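Input: a single structure, listed below in structure tokens.
The values are calculated or read from the model by the stated rules, or taken from the named source; none is laboratory data. Computed from a predicted structure; not experimentally measured. All Cβ positions, glycine included, derive from the backbone under ideal geometry; neighbour counts span all protein chains shown. SASA here: full protein model, heavy atoms, side chains in, ligands and nucleic acids out. Shrake-Rupley method; radii C 1.70, N 1.55, O 1.52, S 1.80 Å.
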Amino acid sequence: MTTTIALASLPVIVPVLVLGAVLKLAAVRRGAEPEGLGGLGPTVLLPERLRRPAIVLCALVEFAYAVALPLWDHPLPRWGAVVFFTLATYVLVDLKRRRPEAGCGCFGEVSRKPVGLRSIGRAMTLGLMTLAVALSPVTAADLVAGLSWTMLGWTVAAAALVLLLSPEIDEMVARMRYRAPCELREAPVEDALSRLTASAEWRERRPLLVSTTPVDTWRELCWRFFVYEGRTADGDAVDVVFAVHLDGGRHAPVRSALVAADGTSLESLPESIPVSA
């Protein structure tokens with residue numbers, strides 16, 4: 001029985017660990033300020049300078065267990081995972097008591113909902129699953145060899161239980177039902193810059209640029225503007241202004257214009273693009 005539970009638990013534990021690690025690192029990569037990272041689970045209890053390293057360290061530990069559990073039957077990673085989820089349960093209980101407004105941060109910015117019984121119950125459930133794996137060491141090879149309808153049923157039940165205990169599902173459903181207008185939607189500067197450098201406008205204007213580092217950038221409604229120092233074929237100093245639409249994915253419209261050093265427009269951006277004085 002323990003072996004069956006262990007085999008059914010392994011394909012649930014590993015994706016949870018990987019997803020948690022990826023979304024934590026994504027939250028750090030987005031460049032959130034330490035104050036913002038403080039809303040991501042137990043990091044709220046740490047000094048600001050330690051929050052980012054703590055999230056990265058936790059993500060790396062999750063990645064390590066996600067790789068080791070299905071490939072290595074040594075007791076170290078298995079009992080280490082049991083300790084990891086046991087500590088996670090304790091920390092969530094303590095976090096709920098000391099900072100009831102903080103989210104668990106289990107899946108990065110998606111887990112901003114205040115810690116509740118579901119988050120704690122999920123950590124306990126995953127802890128029990130890893131305990132089963134520790135008591136009955138199984139690997140990915142055992143999983144393939146023992147594949148059966150019974151094991152598949154147990155796996156589906158385990159996954160359903162974890163999903164039921166995941167408050168992030170409610171947040172995802174709410175986001176799917178309501179999509180904020182482009183003007184109000186968050187749009188990281190890095191994403192707009194990536195779209196810009198992949199565009200035909202960038203390739204056309206690239207020979208004019210003195211540097212590929214923008215000297216100014218700002219957002220207006222659904223457009224992100226970038227200004228670069230440039231020089232024409234005649235040697236005149238100009239500003240090369242790019243405008244990237246924020247609601248078009250990888251194929252977002254990109255516009256550009258040249259502005260002389262004295263502020264005179266050599267070219268005009270489309271009138272539909274609002275530009276501040």
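Odds and ends about this structure:
- Overall form of the stretch 180-225 per C-alpha gyration tensor (a/c, 1.5; a/b vs b/c): prolate
- Excluding ligands, DNA and RNA, the accessible surface per residue across the chain is 55 Å² with a 1.4 Å probe.
- Dipole moment magnitude, nearest 20 debye, the chain about Cα centre, only Lys, Arg, Asp, Glu C-beta charged: 1120 debye
- Centre-to-centre separation between the Cα atoms of the stretch 130-155 and those of the stretch 193-248: 54 Å.
- When the chymotrypsin sites (Phe, Trp or Tyr not before Pro) in the stretch 113-185 are filtered for DSSP coil states and for at most 11 other beta-carbon atoms within 10 Å of their beta-carbon, the remaining sites are Tyr178.
- Nonpolar atom fraction for the chain, defined as the carbon and sulfur part of the 1.4 Å probe accessible area, stands at 63 percent.
- Exposed loop sites here mean trypsin sites (Lys or Arg not before Pro) with a DSSP loop assignment and at most 13 other beta-carbon atoms within 10 Å; the chain contains its longest site-free run at 1-178.
- Helical segments meeting 20 Å axial Cα length and Kyte-Doolittle -1.0 threshold in the chain (DSSP H): 2-29, 48-71, 75-98, 117-135, 149-164
- Candidates Asp239, Asp216, Asp170, ranked by Gaussian network fluctuation over the chain, Cα under 10 Å, top entry: Asp216
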